[in-house]
Every structure is written in C-alpha cells, then in structure tokens.
Amino acid sequence: MKIMFLYMFPLWGNGSGAWLRALSKEMVKDGHEVAIVSPEKRKLEGVKQFLVKPPQMGVFVGNPELPNAKKYEEMTGVELSKIYTSYIDTTIAAVKEFEPEIIHAFHTAFLPPVARLAKIFYGIRFIVTTHGSDLHYLNRDKRLIGLIKDAVRVCAMVTANSNFTRRWFLKMFGPEWARKIRTIPGGVYLSEYERKEENISLLNKKYNLAGKKVVLFTGRLTEHKGVDILIKAARLIHGEVIILGDGPERNNLENLIKQYKLTNVKILGYMSPKEQVNFKTFYNRADVYVAPSTWHEPLGLVILEAMAGRTPVIATRKGGVASIVKDGYNGFLVRARNAKEIAEKVNLLLENDALRQKMTERAYETVASKFTWDKIAEKFARIYHRYAFTTKEYLRLVKAAPKPNNGK
C-alpha cells in the first residue's frame, strides 16, 4: 500500500515527530510504500520525502529545533495564508507524483483542509490524528476552524492519542463525530531503552553522577510544563535533578535556580538527534522521572520513554497521563503546582529501594503490554487498508460518470 503523511514541523524535537518517524518505519518494515510531506530535510530510510518550504516556520507552543519561530496565533492573516499555500502546492504535486492510496494528516490544525483538497482533486481518502497541542492552539486561534470542521466532516477517521484528547476533540468539534474518532496512543521501541552499563558509566563520568540519586525531566521548557515547580521541589529533594530540554522558559528557570542557590539542579539543554544515545541512557540512569505539567497533558510520550527505560514516574494528575500512570502501582500522581508533594513522592522512591524496584518493573510491564510500536502500527495498518482508495480508481469513476447533456 502507498501511504502519505502530512506534517508541518521538523521530525525531531517533539513527540509527534518521533511518533511519525516510528510509524513510517513500521509501515516500511511491513512492505508499504511511504511518503512524507513536511519541512524536514534530513532523510528517513526507505521513505520518499517531499520538502515543503514555507516562507516562515511556526509553532503551536514551542520546538527546540525552532527556537525563534513565531507562534501561529501571533501571525497575521497574510502570514498564515502564505504558509497554508506552500503546503497546498507541495502536497497536491506530491499526490500527483506518488499516487497514495491513503493520506494521514498529523494534527487537526492546517493540514486536514490540505488533505481535503487532495481528496477533491484526486479522490484519496484521508484520516487525521490529533495530538492535543493542536487543540490547545485552536482554542486560542479559530481563524481556520471552518475549513477544519469541513475536513473533519469529510475525513474517513480521526484518531486521538489518549481518551482525554478524544473527549477534548469532541467537546470542540461536536459529539456527533464520536462515531468516527478512535483512541490510538503513541509508543516506544523497547530495544532502544535497554540498559547498557558502559553507556551509564560514560554518562556518570561526563556529568559527575557516580553514586548519586538522579531525578530526571525531559521536554520543552515552556510555561505549562511546570519545570519551575520541579525546581522549587528540588530544595527538598535528596538527589540530583537533571533537566533535559530547551525553550522560552530556560532563562527564567536558570534565574530561579540561582535565586534558590541550588547546587543539585542542572539544565543540560536540548539533545540533538546525534546525542540520542546519551538522551536515552538518562532514562536508564535516572532513579525517578518527574512530569510536573501544569496543563492537561494529552498523553506524554516522554512518560512512556521513561517507563521503557525502567524508571518509575511521578506526574501531575492532568489530562491523558492518568491513562498511563496508575497511582501507587507503576508511579505516583500528584496535584499540579504542588512542589511539596512532588518532593515527598520523589524522596519516598529514592529512599525505598524495594518500592522503587517494584514500580520500575510495573512501569516497564505497562509499556511492554500496551505501548510498543509494533502493536500500535498494526492498528493504523488496519485503518489504512479499510479506507484505501487509489487515484486510478477515482479516475475510473470520473470517466464512468454520466456526461452532462447540456440541456438537450
């Protein structure tokens, strides 16, 4: 089968990009032909890529690979229209060349209407995946909502990355679409998070972590990620707090560390694709992972990564996180913006090896049973087969349609 994905960000530096890379890899492995329309220049093995060159890059919230990008909600109508046009032009030409049997648009914002045009011109059915950050954006900027609603009406199916995101989507677009929306979460490759002692030794040496308890956060440094709450909690935490990520809040967070005169907190910044071995080794090295988000996190792919690395998770009781972390079983759920409660749970795990080990194994089992890419890709493959419709089939239908008699 020939599958085409539409995506509007770099394929690295964010959860949805990691999701798309993995899903494409699985489809290629299973013998499908895959194409991606995106602004990504780096090559993916076995994937045909069509490069979009928008006049400027935008973001919903933030992206470490786009540190100076403007938020879409802050753009003028002229700026949005030029970006939108660049995706239309590239996508329509790509569809003509690649002749996909199904189109999969990532995020509800922008790209579903582009896929809608491809269906009009070529008859290709399309599905849409919402990751939650797109809904967060659409709550604040509704200029494209009419086009998006029409695309939702016409699309074959919508998938959401969590039940929370599904409910959010239905609240925004209407309960009548419940019949066509399905929850399919993201996943991980367990083999990529296997513990390698030599890598851990190198990490300990490089960052002076030998013999220390380590508390980890990974992600974008934006206001709603709640990293400031973790830094406040660090005043009471009996271990080293490592923060991997970058974003608009980094300066504020570094100033907060200085204000509290903390010596047990390090912000190491964003790790590029070339540094992925170090990045994933941190999950193996960490004793506890903390996700202190202050907003309704749609899913939290980093939480799955931590659990795959056999690390128990402490997360705020927000959004779709509760579908992964079961309080007291494979981690702990805490109240948002509560530094004291975070510190208490962190210290409980750091000081109780037996409890930490038990939660570690349960966390790993949770991911292994439900959140591996082979299982998730299989669900998408069934959807693709169900709705596949080739350009050639469409043209046959057009040719077979009754011709107008011009009033005769």
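The values are calculated or read from the model by the stated rules, or taken from the named source; none is laboratory data. Remember, it's a predicted structure, so these values are computed and weren't measured experimentally. Quick reminder, even Gly has a Cβ in these numbers, built from the backbone with ideal geometry, and neighbours come from all protein chains shown.
Structure above, values below:
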| quantity | calculated |
| --- | --- |
| The lone exception for residue 137 - which of (1) more than 30 Å from residue 279 (Cβ to Cβ); (2) assigned to a helix (DSSP H, G or I) it fails | (1) |
| Unique match (being modelled with pLDDT under 95, within 24 Å of residue 346 (Cα to Cα) and of a type in the set (Lys, Arg)) among 166, 195 | 195 |
| Test: residue 65 is charged (D, E, K, R), under 20 Å from residue 276 (Cα atoms) and touching a Gly at 6+ places or on another chain (Cβ under 7 Å) | yes |
| Candidates 345, 370 - the one that is surrounded by 13 or more Cβ atoms within 10 Å (Cβ to Cβ), under 17 Å from residue 303 (Cα atoms) and modelled with pLDDT of 95 or more | 345 |
| Among the candidates 317, 337, residue that is surrounded by fewer than 18 Cβ atoms within 10 Å (Cβ to Cβ), charged (D, E, K, R) and more than 21 Å from the chain's Cα centre (by Cα) | 337 |
| Residue 341 vs. criteria in contact (Cβ under 8 Å) with a residue 40 or more places away in the chain, acidic (Asp, Glu) and assigned to a helix (DSSP H, G or I) | no |
| Residue check, residue 183 within 25 Å of residue 324 (Cα to Cα), in contact (Cβ under 8 Å) with a residue 40 or more places away in the chain and of a type in the set (S, T, N, Q) | no |
| Residue that is surrounded by the fewest Cβ atoms within 10 Å (Cβ to Cβ), among those in the range 233-255 that are within 11 Å of residue 214 (Cα to Cα) and either polar (S, T, N, Q) or more than 22 Å from the chain's Cα centre (by Cα) (or both) | 238 |
| From the options 254, 240, 305, 275, residue that is closer than 18 Å to residue 161 by Cβ and among the acidic types (Asp, Glu) | 305 |
| Any hit, the range 56-76, residues being surrounded by 13 or more Cβ atoms within 10 Å (Cβ to Cβ), hydroxyl-bearing (Ser, Thr, Tyr) and in a strand (DSSP E or B) | no |
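Residue-by-condition table, conditions (1) aromatic (Phe, Trp, Tyr); (2) in the same structural domain as residue 340 (by TED's automatic domain parsing); (3) crowded, with 21+ Cβ neighbours inside 10 Å:
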{"site": "179", "(1), (2), (3)": "no, no, no"}
{"site": "201", "(1), (2), (3)": "no, yes, no"}
{"site": "210", "(1), (2), (3)": "no, yes, no"}
{"site": "231", "(1), (2), (3)": "no, yes, yes"}
